[in-house]
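A short worksheet on the structure shown next.
The values are calculated or read from the model by the stated rules, or taken from the named source; none is laboratory data. Note that the structure is a prediction, hence the values are computed from the model and not measured. Here the Cβ positions follow ideal geometry from the backbone for every residue, glycine too, while neighbour counts run over all protein chains shown. These area figures cover heavy atoms from the full protein model, side chains too; ligands, DNA and RNA do not enter into them. Shrake-Rupley method; radii C 1.70, N 1.55, O 1.52, S 1.80 Å.
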There are 2 protein chains.
Amino acid sequence: MPELAWVNGEITDLYDAKVPFMDHGYLFGYGVYEALKVYNGQPFSVEEHMDRFERSMKEIRIKPELSRKETIEIINDLVAKSEYQDALVYLQITRGVGPRNNPSLPKAKPTLSMFVAYLPPIDDSFRQNGVKTVIVKDDRWAHPHIKSLNLLPNILAKQIAEENDAFEAILADKDGIVTEGASSNVYAVFKDTIVTRPTDGRILSGITRLVLCKIIQQNGFNYKEDYFTTEQLKEADEVFITNTGAEVLAVSDIDGTKIGNGLCGPITKKLYDLFIQEVNREIRR
Amino acid sequence: MPELAWVNGEITDLYDAKVPFMDHGYLFGYGVYEALKVYNGQPFSVEEHMDRFERSMKEIRIKPELSRKETIEIINDLVAKSEYQDALVYLQITRGVGPRNNPSLPKAKPTLSMFVAYLPPIDDSFRQNGVKTVIVKDDRWAHPHIKSLNLLPNILAKQIAEENDAFEAILADKDGIVTEGASSNVYAVFKDTIVTRPTDGRILSGITRLVLCKIIQQNGFNYKEDYFTTEQLKEADEVFITNTGAEVLAVSDIDGTKIGNGLCGPITKKLYDLFIQEVNREIRR
């Protein structure tokens, strides 16, 4: 099962794929992306990902050459060719190729690229016991709701997590208010109420967050969009994160403080089960 | 005279040069760069640029494989091969190639790349009459002193400048305090005192700024590192910007407000002449 790349129409093995040096994605990070999870050979929540991809492109003035339908067909073909049943699809578009001193490249054709790669499953022990996290200062630019390639602060935060044997870095602003994880949304459960930050432009509007919020409302959980500090988060009864790869994953430790009883809490467990049911409803088996 | 690229040892025409799709420079903007001006076939202030390049690499944990001496030799060879007498040298290093879900790539070899390209001279009328600028909100991350590839906010600011027929975007924080230009440092002259923002981590420490500050001090100008608002800047007697390409360039218009008499002021003119003298001292003719 090869990991495959597709770059402006050309399919190669993932690590043979090349892009132009003068692509403004490489020189400036001038591009946006999506990451989709493939279950049973089918990408999950494709339309929601494409909605966000189109919003992101518009925000940074990239006009795609292909329609949504054409893009999804290419994704599906690439997944089929890779023969992966469970994998990650990564989709990226940049402003394209041109002189470095031209910021807008009015005549350039965007570079569309994607790949299908192996996605390691979440450890069973992480599912049962939750994961360790660290708090890192949110040093990002003013528009993290745009899913752009300017990810250096996220990567540096992830490296701090890695050095501390943590799974994720939870970002907090200068006042100690949690924004989100370096690559996830963050939720606290206080008594029986699930709380997460509103999509106020300072966080990414996660697709797993979107799906889970529907599930939360359909199943009658108490739910509130609100702000919380890192100190409040540490005192929550349960804490969990969501993203495409990790789905719904309990946090059992924040900067060395144990959360709840240090295991995946009952509400988190229930939400994970409901999320997987939702995946199974959408994905044909 | 070909525009040439050098990528990890391979020399090609600039627009034939390729880099790996899975380079973390392309996926995350995980890299840093320098831009040097070539006068009479010789890059100016090479050691100062290399000092900053090494500081930038260290800040984001990239360890170069080549020594400074080896890198400078490659730059000089590439300039010689290009046959350009006056040009831009662009130098970039990224964290290298590896799986997207590995933030630190401990075993990856960094991707070193560079190019020599034509650099259009500054219009004579810009030299005489100064340039138009616009004020744009500084939306960048918390560490703009690192010369990283995460340049999306700079590019979007440059696009706003372009749309307003302006040469540069002057960035200001939420309190209206000027940080720097999207690709330049900014200076105000109040009466006979030259003022520019201190290198406090919120601006890039420009190499032209560094050279000019020495010139300012050696020639007994009144000089102060201090903060100023956009409103104060508009009331200055002279305003100018510096960067590698534009050297020392007068600003005659900020958001439609004329600065001074709307021409290049006497102090700016004097500093430009002294800067060119400094270039001529360093460059062998």
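Relative to the first principal axis of the alpha-carbon coordinates of chain A, what is the inclination of helix A:207-218, with its axis defined by its Cα atoms, in degrees from 0 to 90 and to the nearest 10?
The answer is roughly 40 degrees.
Would you tally the net charge around A:Ala117, using a Cβ to Cβ cut-off of less than 10 Å, leaving A:Ala117 out, and scoring K and R as +1, D and E as -1? Intermediate values should be presented prior to the final figure.
On the way: positive: B:Arg100; negative: A:Glu3.
Once all neighbours under 10 Å are counted, the net charge is 0.
Would you mind estimating how fast the range A:1-133 diffuses translationally, via Stokes-Einstein at 20 °C and 1.002 mPa s with the Kirkwood radius over Cα pairs, in µm²/s?
Estimated diffusion coefficient is 135 µm²/s.
On the full set of protein chains, 1.4 Å probe, figure out the accessible area of B:Thr199 and give it in Å² to the nearest 10.
We get 70 Å² for B:Thr199.
How would the range A:102-179 be classified by its alpha-carbon gyration tensor: rounded, prolate or oblate, with rounded meaning a/c under 1.5 and the a/b versus b/c comparison settling the rest? Provide the component values of the computation, followed by the final result.
Details: a/c = 3.10, a/b = 1.44, b/c = 2.14.
Verdict is oblate for the range A:102-179.
Over the alpha-carbon set of chain B, work out the extent along each principal axis and list the three values in angstrom, largest first.
Ordered largest first, chain B gives principal extents of 55, 45, 34 Å.
Rounded to the nearest Å, what's the spacing between the alpha carbon centres of the range A:7-44 and the range A:80-116? Just the number, please.
Between the Cα centre of the range A:7-44 and that of the range A:80-116, the gap is 5 Å.
Quantify, in whole percent, the carbon and sulfur part of the accessible surface of the protein assembly as shown (1.4 Å probe; protein heavy atoms only).
Details: 11600 of 23810 Å².
Here carbon and sulfur together make up 49 percent of the probe-accessible area.
Sum -39500 (n - 2.57) across every DSSP H segment of at least 4 residues in the protein assembly as shown, then divide by the residue count to get the 222 nm mean residue ellipticity, nearest 500.
Numbers: 16 runs with 172 residues, N = 570.
Mean residue ellipticity, 222 nm, calculated: -9000 deg cm²/dmol.
From the label point of A:Ile283, set 7 Å from Cα along Cα→Cβ, how far away are the matching label points in the other copies, in nm, ordered shortest to longest?
Listed shortest first, these distances are 6.1 nm.
Which distances in nm, rounded to one decimal and ordered from shortest, link the label point of B:Ile122 to the equivalent label points in the other identical copies, with labels set 7 Å from Cα toward Cβ?
Label-point separations across copies, in nm and ascending: 5.6.
Could you give the nm distance between label points at B:Lys107 and B:Lys174, where each point is 7 Å from its Cα heading toward the beta carbon?
It is 4.5 nm.
In the full protein assembly as shown, how much of A:Asp16 is accessible to a 1.4 Å probe, in Å² to the nearest 10?
100 Å²
Can you tell me the Rg and Dmax of the range B:154-210, counting just the alpha carbons, in angstroms?
Computed over the Cα atoms of the range B:154-210, radius of gyration and Dmax are 12.1, 34 Å.
Before we go on, tell me the buried accessible area for the B/A pair, both chains summed, 1.4 Å probe, in Å² to the nearest 100. Intermediate results must be reported in sequence, preceding the final value.
Working: alone 14300 and 14300 Å², together 23810 Å².
Separately minus together, B and A give about 4800 Å² buried.
In Å, the Kirkwood hydrodynamic radius of the range B:130-172 over pairs of distinct alpha carbons? Don't skip to the answer; put the middle values down first.
Working: mean 1/r = 0.0927 Å⁻¹.
For the range B:130-172, the Kirkwood estimate is 10.8 Å.
Which whole number gives the average count of other chain Cβ atoms within 10 Å of the Cβ atoms across peptide B:11-22? Could you put the intermediate results ahead of the total?
On the way: counts 0, 1, 0, 5, 6, 3, 4, 9, 7, 7, 18, 11.
Per residue, the average neighbour count from other chains is 6.
I need the shape label for the range A:1-79. Rule: rounded when a/c is under 1.5, else prolate if a/b > b/c, else oblate, with a, b, c from the alpha carbon gyration tensor. Each step should come with its number before you reach the end.
Details: a/c = 1.93, a/b = 1.10, b/c = 1.76.
Verdict is oblate for the range A:1-79.
Treating the point 7 Å from Cα along Cα-beta-carbon as the label, what are the nm separations from B:Lys69 to the other copies, to one decimal?
6.4
Leaving ligands, DNA and RNA out of it, work out the accessible area of B:Phe190 with a 1.4 Å probe and give it in Å² to the nearest 10.
For B:Phe190, solvent-accessible area is about 70 Å².
May I ask you to derive the relative contact order of the range A:4-118, considering only C-alpha pairs under 8 Å and at least 6 residues apart, and to give it as an integer percent? The partial results should precede the final answer.
On the way: 195 pairs, mean separation 43.1, N = 115.
Relative contact order comes out at 37 percent.
For peptide A:185-194, compute the average count of partner chain beta-carbon atoms within 10 Å of each residue's beta-carbon.
0
Kindly provide the pair-distance distribution of the range A:203-285 built from C-alpha pairs, with 5 Å bins from 0 and whole-percent values in order of increasing distance.
3, 13, 23, 25, 21, 10, 4, 2, 0
Can you give me the accessible area per residue for the range A:124-283, using a 1.4 Å probe, in Å²? Can you show the working numbers first?
Working: 6450 Å² over 160 residues.
Averaged over the residues of the range A:124-283, the accessible area is 40 Å².
In the range A:192-285, which GluC sites (Glu not before Pro) are in a loop and have at most 16 other Cβ atoms within 10 Å, using DSSP for the loop call?
On the way: sites: A:Glu225, A:Glu231, A:Glu235, A:Glu238, A:Glu247, A:Glu278, A:Glu282; in loops: A:Glu235.
Here the sparse-neighbourhood loop sites are A:Glu235.
Calculate how steeply helix A:152-163 sits against the longest principal axis of the alpha-carbon atoms of chain A, using the helix alpha-carbon long axis, and give the answer as 0 to 90 degrees to the nearest 10.
Helix A:152-163 sits at roughly 50 degrees to that axis.
P(r) of the protein assembly as shown in 20 Å steps, Cα pairs, percent per bin?
20, 50, 26, 4
Relative contact order for chain A: what percent, with Cα pairs under 8 Å and sequence separation of 6 or more? Could the numbers behind the result be given before it?
Values: 562 pairs, mean separation 51.2, N = 285.
Relative CO of chain A lands at 18 percent.
Under the definition of partner shielding as Cβ atoms of other protein chains within 10 Å of a residue Cβ, what is the mean value for peptide A:138-148?
3
Taking a threshold of 27 Å on the Cα-Cα distance, which of the pairs A:Lys137/A:Lys258; A:Lys147/B:Lys137; A:Lys258/B:Lys63 fall above it?
On the way: A:Lys137/A:Lys258 20 Å; A:Lys147/B:Lys137 20 Å; A:Lys258/B:Lys63 36 Å.
In this structure, A:Lys258/B:Lys63 exceed 27 Å between Cα atoms.
Work out, in µm²/s and without decimals, the Stokes-Einstein translational diffusion coefficient of the range B:124-283 at 20 °C, 1.002 mPa s, Rh from Kirkwood over C-alpha pairs.
On the way: Rh = 15.6 Å.
D = 138 µm²/s.
How far apart, in nanometres, would the label points at A:Asp139 and B:Arg55 be if each is projected 7 angstrom from Cα along the Cα-to-Cβ direction?
1.5 nm
Per the Kirkwood definition applied to all pairs of different Cα atoms, how many angstroms is the hydrodynamic radius of the range A:50-90?
In the range A:50-90 this quantity evaluates to 11.5 Å.
Considering only protein heavy atoms, with the full assembly of protein chains and a 1.4 angstrom probe, order A:Asp23, B:Asp77 by accessible area, largest first. Don't skip to the end; give the middle numbers.
Values: A:Asp23 0, B:Asp77 95 Å².
Result, largest first: B:Asp77, A:Asp23.
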